[in-house]
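Shown next, in structure tokens, is the structure this report addresses.
Values quoted throughout were computed directly from the atomic coordinates according to the rules given, and no laboratory measurement underlies them. Remember, it's a predicted structure, so these values are computed and weren't measured experimentally. Cβ coordinates were reconstructed from backbone atoms using ideal geometry, including for glycine residues, and neighbour counts include every protein chain displayed.
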Amino acid sequence: MKIRYDLKPRSARRGEPFRPEGPLPFGQLRTDHMFLMDFADGAWSDPRIVPYGPFLLAPGAVVLHYSQEIFEGAKAFQHPDGEIYAFRIDKNAARMNRSAEGLCMPPVPPADQVQAILALLDVERLWFPEQEGASLYVRPFMIATQDSLGVKPSNRYLFCVFLSPSGPYYPAGFQEPVKLLVTRRFHRAAPGGTGAMKTGGNYAASLMAGEVAHKLGASQVLYLDTADRYIEEAGAMNHYHVTRDGRLVIPSFTDTILRSVTSESVLELGQEVLGLRVGQERIPFEPFLAALRSGEIIEAGGFGTAAVVSPVGAYVFEDGTELRVGDGRIGPNTRRIYEILTGIQRGTRPAPPGWLFQAPRQA
Ligand SMILES: Cc1ncc(COP(=O)(O)O)c(C=O)c1O
């Protein structure tokens, strides 16, 4: 793919590294440029890196009415060698295309997605925040742009990637475990639906549940399946637990659970690196609670790009009662997994082959 560059004459960061003064929020800041590419007449065209700014979009664009939209989230880091490396973006590209298929959208060749991200990271390398726990968050997405009110797939699309220089997801650091609300009132995904796809509609539909969770002091909802029998995942991360006999268990990926790149990485690292037997199975909810009460489950949490690992200190129920995980503090296994994953991402630990993508110096 030949990318056209239309760069700002004076980027905010030419020649000067980004040293934010205060703590950097997660996902709020933007860099100077974005990657764009159009789809029409059955083909992608005009891949380009242009100044970051608003789109011109018809009010009747399909995405604005029927949410034909998909997105991804990944992270890139500056390593001690001064180069920028993106973490497992081939996995994100593959998931993007699985989501595209489910939403009747055209795939973007995975190599082009990877190239687009790396080219943009190259242009914006000086935006990497020189701050503890920081990253460049990468947000690829695709929207349906045809001006049409028929409920059918659009014939035009826009693919975009932009970056957000971000501080750690939990500004207080890896200190405080979160709480998850367990409720039978809301469900995230139904069999045969879009739960395994990363599409905006899933997240719009989860906002109310998230608000209820916040009111009860929880950060997210832990969703059960629609029959309220099995643990599925949280609003923006997969779920895991660790048993006293040294197993780490993630619920099996079904068509109602997003296949998390972070979870897949934990599963691939496996026992040799993590010192735990890792695996997936369906987790019936009531026995899970019983195992928490008996102390058989000693740690639990969530895996996802944004936070990497979110330790769960307690589950909250709608009547306000809580069930603690272990002693309610961050357990040693959770801490070790966090340190191993972030060490690989930041280049202070060796990465398995193929996990890191270096942004080539081109622009
Ligand atoms: C619903 C949901 N599950 C799980 C995850 C974690 O996936 P990943 O590790 O690929 O970020 C996310 C975030 O991307 C998510 O939105």
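Set Lys and Arg Cβ to +1 and Asp and Glu Cβ to -1, take the dipole of the chain about its Cα centre, and tell me which of Gly270, Phe26, Phe285 lies farthest positive.
Result: Phe26.
Gaussian network model of the chain, Cα springs within a sub-10 Å range: biggest mean-square fluctuation belongs to which of Tyr223, Tyr170, Tyr240?
Residue with maximal mean-square fluctuation among Tyr223, Tyr170, Tyr240: Tyr170.
Exposure proxy check: Lys8, Lys2 ranked by fewest other beta carbons within 10 Å?
In order of increasing Cβ crowding within 10 Å: Lys2, Lys8.
Can you give the alpha-carbon Rg of the chain over 2.2 N^0.38 Å, where N counts its residues?
1.01
If I take every Cα pair under 8 Å that is 6 or more residues apart in the chain, average their sequence separation and divide by the length, what percent do I get for the relative contact order?
19
So for region 1-140, considering every pair of alpha-carbon atoms, how many percent are separated by more than 23 Å?
40
Hey, for a label at Leu216 modelled as a point 7 Å past Cα toward Cβ, could you say which residues of region 171-195 have their backbone N under 13 Å away?
It comes to 179-187, nothing else.
When the expected Rg is taken as 2.2 N^0.38 Å, what fraction or multiple of it is the alpha-carbon Rg of region 59-211?
Rg over 2.2 N^0.38 Å, computed on Cα atoms: 1.19.
Using the number of other C-beta atoms within 10 angstrom as an exposure proxy, rank Leu7, Leu269, Leu149 with the fewest first.
By the 10 Å Cβ count, ascending: Leu149, Leu7, Leu269.
Count charges around Thr145 for me, please; just the other residues with Cβ under 12 Å from its Cβ, Lys/Arg as +1, Asp/Glu as -1.
Result for the neighbourhood of Thr145: -2.
When we measure straight from the Cα of Lys91, which lysines land under 23 angstrom away, once same-chain ones fewer than 8 places off are left out?
Within the straight-line cut-off, Lys91 pairs with Lys2, Lys75, Lys198.
How big is D, in µm² s⁻¹, for region 208-271 by Stokes-Einstein at 37 °C and 0.692 mPa s if Rh is the Kirkwood radius over C-alpha pairs?
Rounded to a whole number, D works out at 251 µm²/s.
To the nearest 20 Debye, how big is the dipole of the chain about its Cα centre, given +1 on the beta carbon of each Lys and Arg and -1 on that of each Asp and Glu?
The dipole magnitude comes to about 340 debye.
If you project the alpha carbons of region 178-329 onto their three principal axes, what span does each projection cover, largest first, in Å?
Largest to smallest, the principal-axis extents are 39, 32, 27 Å.
At most 13 other Cβ atoms within 10 Å and a DSSP loop assignment: could you name the GluC sites (Glu not before Pro) in region 103-155 that fit?
Taking region 103-155 and a limit of 13 other Cβ atoms within 10 Å, the loop GluC sites (Glu not before Pro) found are Glu130, Glu132.
What FRET efficiency, computed as 1/(1 + (r/R0)^6) with R0 = 56 Å and r the Cβ-Cβ distance, is obtained for Arg247 and Arg10, rounded to the nearest 0.05?
0.50
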